[in-house]
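All remarks here apply to the structure that follows.
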């Protein structure tokens, strides 16, 4: 399964426009691999993308099932949230592997992951915080806004993107 997203910034002078591809590989033995690759419009300006994915707690909030979805156990992270870096040295490509184990039989059939944080670090030292979910108490921009953190750790609100809340996401099925 492949998911494709575009990241379009309202201020074209900042050269942040990108595409993001998420490929899901699942086999019959409950192994899963998530492969991500970013395609920045200005490759020579971007150093690294940092993306944090989080999982929705329940398979379906409408059902009578009150349990919690656990999901796959990710290498180096365990179940639930994971962070992935897409850096220039690896052609902005990276992957993470996980396993659905019997101990984590949580009665959920689907696992919905969404990008909770997205940072773009530039080669000149600037960092952009791209709003992809909620603002998490004001410490991160709310989608569709983005902020710039300069070398002095000063945050400036910059503008908007085409990203809607929780729109960068993928789903795993048991």
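Treat each spin label as a single point 7 Å out from the Cα along the C-beta direction, and report the residue 81 to residue 43 distance in nm.
3.3 nm
If R₀ is 41 angstrom, what is the calculated FRET efficiency for the pair residue 151 and residue 1, using the beta carbon separation as r and rounding to 0.05?
0.55
Using a Gaussian network model of the chain whose springs link C-alpha atoms within less than 10 Å, name the residue from 80, 125, 71 with the highest mean-square fluctuation.
Among 80, 125, 71, the largest GNM mean-square fluctuation belongs to 125.
Just need log10 I(q)/I(0) for the range 78-174 at q = 0.14, 0.16, 0.22, 0.25 Å⁻¹, Debye formula, equal scatterers on the alpha-carbon atoms, no solvent, rounded to two decimals.
-0.67, -0.82, -1.20, -1.33
Springs between alpha-carbon pairs under 10 angstrom, Gaussian network model over the chain: which of 25, 49, 111 fluctuates most?
For the chain, modelled as a Gaussian network with Cα springs under 10 Å, the answer is 25.
What does the convex hull of the alpha-carbon atoms of the chain project to on average, in nm²?
10.7 nm²
Report the gain in length on full extension from residue 89 to residue 13: 0.36 nm times residue separation, minus Cα-Cα distance, nm rounded to one decimal.
Taking 0.36 nm per residue and subtracting the Cα distance, the gain is 24.9 nm.
Compare 51, 155, 96 in a GNM of the chain, Cα atoms joined below 10 Å, and give the one with the largest fluctuation.
155
Could you tell me the relative contact order of the range 2-173? Use alpha-carbon pairs under 8 Å, at least six residues apart, and round to a whole percent.
22 percent
Computed FRET efficiency, Cβ-Cβ of residue 31 and residue 139, R0 30 Å: what is it to the nearest 0.05?
0.30
Computed from the coordinates by the stated procedures, all read-outs in this text should not be read as laboratory data. Keep in mind that this is a model prediction, so the values were computed, not measured. Positions of Cβ are generated from backbone atoms using ideal geometry, with glycine treated the same way; all protein chains shown enter the neighbour counts.
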